[in-house]
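What follows draws every value from the coordinates through simple rules; no lab data is involved. The model shown is predicted, which means the values in this text are computed figures rather than measured ones. In this analysis, Cβ positions are derived from the backbone assuming ideal geometry, glycine residues included, and neighbour counts consider all displayed protein chains.
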Amino acid sequence: MPELPEVEILVRHLDPVLRGRTIRNVTVHRAKSVRPDTVRRFAAGVAGAKILQVRRRAKYLLFDLETRSNAPDLLLGHLGMTGRMYVQSTRAALPKHAAVSLRLNRGVLVFEDTRYFGRMTLDTSSLVKLGPEPLSDQFNGHVLQEGLRKCSQPIKPKLLDQGLLAGVGNIYASEALWHARISPRKLSRRLSGTQCDRLAECVQVVLRKAIEAGSTIPLDFSGDGTGDGLFYYGSTSETVSHEENLSVYDREGEPCSRCKGMIRRIVQANRSTFYCPQCQRG
DNA sequence: CACCATGTTCCTTG
DNA sequence: CCAAGGAACATGGT
């Protein structure tokens, strides 16, 4: 599920469904999924709260809560690598890897997370280290250049630094660089002003396009087949948008659609990078 | 069995 | 102290 566009799509689905609902009951199936909260503190803080709004910041879901005074009023969700969130019927069985489930006045908000790298927590400290939202006017080529000025890392792994800009992940980092025709191995501080402008622009275009593509994917109401209209599944069908819309990610050995070069896979900072050595130069 | 996976954080190294 | 690299986290797919 999880880069900025996928989280954005999920938030757009969840907000109208959850807005105004009250959390009647809290079950933490995996204690580590609410870290650094304890199960006790999390349950006490969330039970009885009313969800006022669901928003996004970077790859985080923000649930604004109305709670008793002095209680934390912001619940934070992060999908990690494999997290999903959806509302299902109270009668439906929980998935094998349910991490947290919140029973509402109607339906259950399920946080499912196969690898348990994700979070649902009242601790919001991770938000303070985040850089600008790439789709806001707080982000542009100049801001990017400033952030890269003293950086000796190659540009691609640097794009994953959430303190530089917040929300780009491994897929869209490779994609943005391809669109900007910049080598992922280029030293960050060596990007020219023009390149920074172009890269900032391409980051925005790639993210916007992905959100647009995700918006056209129909919701998956399949759930468990009880079909009472409650089901909002986080898209199961992102593979569709992958194959259709990605230019280099996971396309090692395929020809570049722009120059007929051969797309390569390399490893940087322990993660895969995909690029076209022909049209992405130093 | 080996290697790969949309992310973050911690530990080590330089 | 800082930046960068690597591993850990946990499970499943190929």
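Tabulated values for the structure
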| quantity | calculated |
| --- | --- |
| Order by protection proxy (mean Cβ within 10 Å, highest first), peptides A:70-76, A:4-10 | A:4-10, A:70-76 |
| Gap separating the Cα centres of region A:97-138 and region A:13-33, nearest whole Å | 10 |
| Sorted by Cβ density within 10 Å, fewest first, the residues A:H97, A:H78 | A:H97, A:H78 |
| Fluctuation leader among A:P16, A:P154, A:P134 - chain A, Gaussian network, Cα springs under 10 angstrom | A:P16 |
| Candidate lysines - alpha carbon under 28 Å from A:K96, same-chain residues fewer than 8 apart omitted | A:K32, A:K50, A:K59 |
| Interchain or long-range residues, amide H under 5 Å from A:R56's placed H | A:L62 |
| Neighbour-count order for A:Y116, A:Y249, A:Y86, fewest beta carbons within 10 angstrom listed first | A:Y116, A:Y249, A:Y86 |
| Among A:G214, A:G77, A:G141: highest mean-square fluctuation, GNM of chain A, C-alpha pairs under 10 Å | A:G141 |
| Using θ = phi - 60° and Karplus 6.51 cos²θ - 1.76 cosθ + 1.60, couplings along region A:10-17 (whole Hz; Gly, Pro as x) | 4, 4, 5, 6, 6, 3, x, 7 |
| Ranking of A:F139, A:F42 by count of other Cβ atoms within 10 Å, fewest first | A:F139, A:F42 |
| From phi via Karplus (6.51, -1.76, 1.60), per-residue ³J(HN,Hα) for region A:64-73 in Hz, x at Gly/Pro | 7, 10, 9, 10, 5, 4, 6, 7, x, 10 |
| Any cysteine of chain A lacking a neighbouring Cys Cβ under 4.7 Å - listed by number | A:C151, A:C196, A:C202 |
